[in-house]
Amino acid sequence: METKLVEGVHWVGHVDWSVRDFHGYTTERGSTYNAYVVEARKVALIDTVKGAYAGELLEHVRALVPLERVDYIVCNHAEPDHAGGLPQVVRACPNAAVVCNAKCKDALEHHFDVSGWRFQVVADTATLDLGGKTLQFFDTPMVHWPESMATYLVEDAVLFSMDAFGQHYASTHRFDDEADLCEVMQEAKTYYANIVLPLGRSVAATLARLGGLRLAIVAPSHGVIWRSHFAKILEAYQAWMVSKPTRKVVILFSSMWNSTRRMAEAVAAGAQELPVDVKLIDAATMSDTHVVSEVMDCAAFAAGSATLNMSILPRMAASLTYLRGLKPLNKACFAFGSYGWAAKGCEEVAHYLQAMQMRPVCEPVACRFVPDAAVLERCRAAGRALAEVARQV
Ligand code: FEO
């Protein structure tokens with residue numbers, strides 16, 4: 001497995017083939033926790049890995065340089081998938097200072113017993129001379145946490161971009177031109193939708209700040225390293241971070257005795273009368289991870305639930321709660337659902353859509369027990385209205 005980025009710079013992380021749940025995000029293709037060694041007259045380790053894999057990381061480092069030679073451990077981000085291994089690594093590298101910004105130091109102090117750690121706190125744009133190679137640090141707040149930072153290797157134009165441009169993607173390949181680029185881009189989109197989506201403004205600010213740097217290689221903290229196709233992921237980010245809609249209508253439903261399903265199918269039938277993509281999703285059949293990936297770039301979104309116990313069905317509640325937290329923007333919407341004696345399901349769905357500042361194309365449609373032809377026609381009309389919005393993007 002090739003691990004060399006440029007002369008003196010190597011990947012030393014962990015490929016996690018087994019992880020399938022990353023704080024609620026379904027990681028069907030596993031992940032990697034990327035860490036890097038930069039060797040000049042001095043040696044820096046950029047980030048660590050989850051705590052369980054710190055021993056493996058140290059083996060990778062030891063294969064390149066004695067641990068006594070590590071002068072700096074740069075901590076770009078305090079989240080445990082990157083800093084979890086820090087206590088073991090600090091213990092194993094007796095001559096290393098932990099290099100991080102002030103917010104990160106504070107976060108690390110709230111995660112670990114840092115007594116005995118030697119910190120070197122760096123300000124935004126500060127540089128660190130390794131003797132032949134220079135690191136420069138850029139604060140990237142809220143990409144992904146407040147203390148997040150990116151590290152730039154000046155002479156080789158390598159940006160260690162932390163979570164930005166990452167993918168939860170396990171592979172024997174470390175580089176974008178070795179892996180299946182279609183899979184990589186799918187996972188980059190899923191990663192953006194599930195991790196980065198509510199942080200679009202922060203990402204835009206970061207890209208504006210770092211846009212002036214010469215970039216030969218962009219090395220994120222998850223997934224493959226971009227050395228050949230960075231323009232492709234950058235173009236995708238530029239669309240995702242402004243929530244640029246595509247000609248797609250997504251209809252998400254949860255049904256009890258098929259009434260809400262028939263309403264959803266009528267919405268889909270109406271939408272399909274126009275030349276747009278239509279996705280009809282039974283919430284019971286798709287993980288929230290993939291639901292949000294579909295919704296992220298749609299122009300129009302319909303959601304429907306049967307009423308259960310004066311509320312919505314649990315699966316729909318889970319999907320809408322997850323979506324609401326990730327704040328998808330710029331959507332037209334429609335709420336619908338069936339009920340028996342209290343039209344609460346449709347009402348609650350409409351509240352979720354309102355909380356996400358979606359724009360209704362018409363009044364919600366609630367149906368008592370089983371939809372008749374008139375109800376189904378109202379649903380078809382709503383589908384046409386959603387598709388009309390999508391067609392115009
Ligand atoms: Fe991959 Fe925000 O940690």
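Odds and ends about this structure:
- With viscosity 1.306 mPa s and temperature 10 °C, the Kirkwood radius over alpha carbon pairs of segment 248-386 converts through Stokes-Einstein to a diffusion coefficient of 112 µm²/s.
- Calculated FRET efficiency for the pair residue 363/residue 269, C-beta based, R₀ 25 Å, to 0.05: 0.80
- The chain: DSSP helices with Cα axial extent of at least 24 Å and average Kyte-Doolittle hydropathy no lower than -0.5: 373-391
- Put in order of Cβ neighbour count within 10 Å, fewest first, the listed residues 308, 128, 45 become 308, 128, 45.
- Extension gain from residue 6 to residue 185, taking 0.36 nm per residue of separation minus the Cα-Cα distance: 62.1 nm
- Residues of segment 343-363 with an amide N closer than 17 Å to a point placed 7 Å from the Cα of residue 392 along the Cα-to-Cβ direction: 358-363.
- Across segment 248-386, the relative contact order, built from alpha-carbon pairs under 8 Å that are at least six residues apart, equals 32 percent.
- Within segment 127-210, GluC sites (Glu not before Pro) in DSSP loop having at most 15 other beta-carbon neighbours inside 10 Å: 155
- Of the residues 149, 263, the one with the fewest other Cβ atoms within 10 Å heads the list, and the complete ranking is 149, 263.
- Contact order normalised by residue count of segment 4-240, Cα under 8 Å, 6+ apart, percent: 17 percent
- Of the trypsin sites (Lys or Arg not before Pro) found in segment 38-118, those that fall in a DSSP loop while having at most 11 other beta-carbon atoms within 10 Å are 41.
- Cleavage-rule hits, chymotrypsin sites (Phe, Trp or Tyr not before Pro), segment 288-384, DSSP coil, Cβ neighbours within 10 Å at most 16: 341, 369
- Beta bridges by DSSP in the chain, antiparallel share as percent, to the nearest 5: 40 percent
- Unpaired cysteine residues in the chain (no second Cys Cβ under 4.7 Å): 93, 182, 298, 333, 346, 362, 367, 379.
- Likely footprinting exposure, 384, 174, fewest C-beta neighbours within 10 Å first: 384, 174
- Within segment 1-140, percent of DSSP bridges classed antiparallel, to nearest 5: 65 percent
- An ellipsoid equivalent to the chain, defined through the eigenvalues of its Cα gyration tensor, has semi-axes of 47, 20, 17 Å when rounded to whole angstrom and sorted largest first.
- Modelled spin-label separation between residue 173 and residue 207, with each label point placed 7 Å from Cα along the Cα-to-Cβ direction: 2.4 nm.
Values in this text are rule-based calculations from the coordinates and carry no lab data. This one's a predicted model, so the numbers in the text were calculated from it and none came from an experiment. A quick note on method: Cβ atoms are made from the backbone with ideal geometry, for glycine too, and the neighbour counts reach across all protein chains shown.
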